[in-house]
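For reference, the structure is listed below as structure tokens.
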């Protein structure tokens, strides 16, 4: 598909079936592969939408620096778009994120400011807010957690793409991060068919899964309306890691760690159904996690269990 620029190439990602993960003959599982976006994640969609909104509102100028707290993917997306459009960008993220994200951010010319890793993304949010408050007029913080352009991007792009590719969709499963994907795509899918169930995959309270948020930590993103979710399923980090490895070895799908959590939630839902078309949104590819040696280590440790597909 031809695009006028890399920014215009965002979206229209593949939807592929995962037949080896079908828990029973009438339940089909599909993956929306957001790793096929230009910087390798679903966050390209919201980065473009938030920048366009800020431009329309006159909040951006060459004198101002874009500022955003992030666990990595949104930062990389904004870094690419800022570089393409001629803006400066500073990412604030926990100091325990993988080195691939830091290298990508710097490759795009972004400044990286670290917050304490033990504080997770909540610490990055707090630090970014202090930076903005301490330097009035210097920064424009897009704030993905409270920016309505975030769910709007998914309502306008992700949801319609799923409807076009799989009109028979019955369930939509995505990771709980900012909440934008669940709110925006979920609303569009329910307009298509009110019976569609929207399911959030979240980490167990004391677990950390890159890109996902436990609401038990006390921060609920302003754009997230829990009443619009049909279910919220808790997934352990171990299960997420193991299923991310199994995705590669069973289906050839090289997806990030949060995709394992999403698949785990989808399989739990599928076990209870006789027929369904479940769409899992895989937020990113595995490239930004290579330094963890997740796939090789998990496969060696699990051995025959992975080959035997013992996941449900």
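Note on residue 95 and residue 59: the model spin-label points, each 7 Å out from Cα along the C-beta direction, lie 2.9 nm apart. Computed from the Kirkwood radius of its Cα pairs, the Stokes-Einstein diffusion coefficient for the stretch 43-141 at 37 °C and 0.692 mPa s stands at 248 µm²/s.
Using the Cβ-Cβ distance between residue 236 and residue 113 with R0 = 35 Å, the FRET efficiency computed as 1/(1 + (r/R0)^6) comes to roughly 0.70. Relative to the longest principal axis of the Cα atoms of the chain, the long axis of helix 120-134 lies at roughly 20 degrees. Rounded to the nearest 10 degrees, the inclination of helix 180-192 to the longest alpha-carbon principal axis of the chain is 60 degrees.
This ranking places 48, 271 by how few other beta-carbon atoms lie within 10 Å of each, fewest first, which gives 271, 48.
Relative to the longest principal axis of the chain, what angle (0 to 90°, nearest 10) does the C-alpha long axis of helix 73-85 take? For 73-85 against the chain, the angle is about 50 degrees. Ranked for footprinting exposure by Cβ neighbours inside 10 Å, fewest first, 5, 22 give 5, 22. With a simple spin-label model that places each label point 7 Å from the Cα along the Cα-to-Cβ direction, the separation between residue 225 and residue 191 comes to 1.3 nm. In units of the compact-protein estimate 2.2 N^0.38 Å, the stretch 129-194 shows a Cα radius of gyration of 1.45. Length gained on full extension, residue 83 to residue 1: 27.2 nm, using 0.36 nm per residue less the C-alpha separation.
Taking the inverse of the mean 1/r over every pair of distinct Cα atoms in the chain gives a Kirkwood hydrodynamic radius of 19.5 Å. The orientation-averaged projection of the convex hull spanning the C-alpha atoms of the stretch 222-278 amounts to 5.2 square nanometres. What FRET efficiency would be calculated for the residue pair residue 138, residue 296, taking the C-beta separation as r and a Förster radius of 45 Å, to the nearest 0.05? It comes to 0.55.
Report the Cα centroid-to-centroid distance between the stretch 98-163 and the stretch 246-292 in angstrom, as an integer. After rounding, the separation between the Cα centres reads 24 Å. Taking 0.36 nm per residue of separation and subtracting the Cα-Cα distance, full extension of the segment from residue 129 to residue 165 would add 9.0 nm.
Ranking of 212, 60, 15 by neighbouring Cβ atoms within 10 Å, starting from the fewest: 15, 60, 212.
Annotation for residue 52 and residue 24: the two label points, set 7 Å from Cα along the Cα-Cβ direction, are 4.2 nm apart.
Read-outs throughout are calculated quantities, based only on the coordinates presented, and are distinct from any laboratory measurement. Keep in mind that this is a model prediction, so the values were computed, not measured. Heads up, the Cβs are rebuilt from the backbone with ideal geometry, glycines too, and the neighbour counts pull from every protein chain shown.
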